[in-house]
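Chemist: For reference, the structure I am asking about is given below.
None of the figures in this text is laboratory data; all of them are computed from the coordinates on show. Worth saying up front: this structure is predicted, and the values here are computed from it rather than measured. Counting neighbours? That spans all protein chains shown, and the Cβs are built from the backbone with ideal geometry, glycine included.
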């Protein structure tokens, strides 16, 4: 029989726990502060003399998203175009590393940092950051607390640590929701002014400046700097199928279905509803014009209901006469390979932003089933494009999707001309991420081209 602890003793223990927790926090902060000061001291009195200069690149998440791969490859390509650099990639998990990325020569693993944020991880990052000349964190859409406030705050902490040890630090290619969490806004606002902030679209740029009340540079998404790669067999098979349909007098529409982000915005859009939505919409389009063919393009392989799994369900659900004019792009997927395919599409409809960027980068008109505020609107604003977004929180029916895609088909030539005219300026803004991230001088040595 268990002995019941008197309430007074229980309260006493609770009070002691609070005191111990407070002491631990204070001591922990002192240890961290001492560690940061040590690394900053070393940088001042033992400045690195390396050439090429070293860049520590912090990704938005662990591998699995073709979009994250696109932005990382594009950013690395841009950096190496400006100057000789030695790039280290950070990973958040031992078994899910970015070490496969071309252009990087080292890796730093902060296993479990986003989940636990341990003191050991922070000290490890301080030590690693201090060995570099520049720390760049790719903000994408993970910095405003939309997916996880805790993880956004921990990424912000990495920026603070890098600046604390005296490294040139930048938050690059960031989207920002106009309804960002107040705790995240406060943490970003409190960052040292030495940390540079770059917003990747005009709407995010305005939102960040208004919310943070500090300078923010307007840039473009580094994924626009990604070079397409048509060499993988899965890409060659897809392009051959599209080319054959074109020879047969048909036009091919790229289609992407994304459950994970849309379900967060609109819980009624379960995977079964999305399968029905796309099956009926594609069947209706094919019924209106049997010259239309469809290429289903997954853009993320993570989760139980990934783009790959959802695309397979949609493909298998199609009526036989529509299925015969539909192709499902198979694994393995790569960002450069998807961009190569995008060039051959007549137009596209997607709920993944970096598939939209792949299309725009190849002058292919694209419309989007949107999520997370106005990040798609900001992307299209770079090109002065309107009427290319469909809000899932409205009435999304097969008829609405069919009409939306039909409007893109009808406007295709005009849209293509406008994309072609604006693309050089957008690519220049994408390159601006890299130019700003590498300062004109590092430790008194000029950076080539900066």
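Chemist: How would you rank 110, 226, going from fewest to most other Cβ atoms within 10 Å of each one's own Cβ?
Modeler: Starting with the residue having the fewest Cβ neighbours, the order is 110, 226.
Chemist: Enumerate the whole-percent occupancy of each 5 Å bin, from 0 to the last occupied one, for all C-alpha pair distances of the range 310-399.
Modeler: 3, 12, 20, 21, 21, 15, 6, 1
Chemist: By counting other Cβ atoms within 10 Å of each Cβ, how are 119, 329 ranked from fewest to most?
Modeler: Taking fewest neighbouring Cβ atoms as first place, the list is 119, 329.
Chemist: Gain in length, residue 178 to residue 428, computed as 0.36 nm per residue apart minus the alpha-carbon separation, to one decimal in nm?
Modeler: Working: separation 250, 0.36 × 250 = 90.00 nm, distance 2.55 nm.
Additional length available on full extension: 87.4 nm.
Chemist: Which number do you get for Rg(Cα) / (2.2 N^0.38 Å) in the range 233-426?
Modeler: This ratio for the range 233-426 stands at 0.94.
Chemist: Another one. Determine, for 318, 79, the number of other Cβ atoms within 10 Å of each Cβ, and report the residues in order from fewest to most. Mind dumping the intermediate values first?
Modeler: Numbers: 318 22, 79 26.
Exposure proxy ranking, most exposed first: 318, 79.
Chemist: Have a look at the DSSP beta bridges in the range 85-218 and tell me what percent are antiparallel, nearest 5.
Modeler: The antiparallel proportion sits near 5 percent.
Chemist: Okay, moving on. When the label point is put 7 Å from the Cα of residue 81 along its Cα-to-beta-carbon vector, which residues of the range 411-427 have a backbone N closer than 16 Å?
Modeler: Of the residues in the range 411-427, 422-427 have backbone N under 16 Å from the label point off residue 81.
Chemist: Quick one: in the range 185-341, what % of C-alpha pairs are over 18 Å apart?
Modeler: For the range 185-341, the fraction of Cα-Cα distances above 18 Å is 68 percent.
Chemist: First obtain the Kirkwood hydrodynamic radius of the range 127-276 from its Cα pairs, then insert it into the Stokes-Einstein equation at 10 °C and 1.306 mPa s, and state the resulting D in µm² per second as a whole number.
Modeler: After rounding, the answer is 86 µm²/s.
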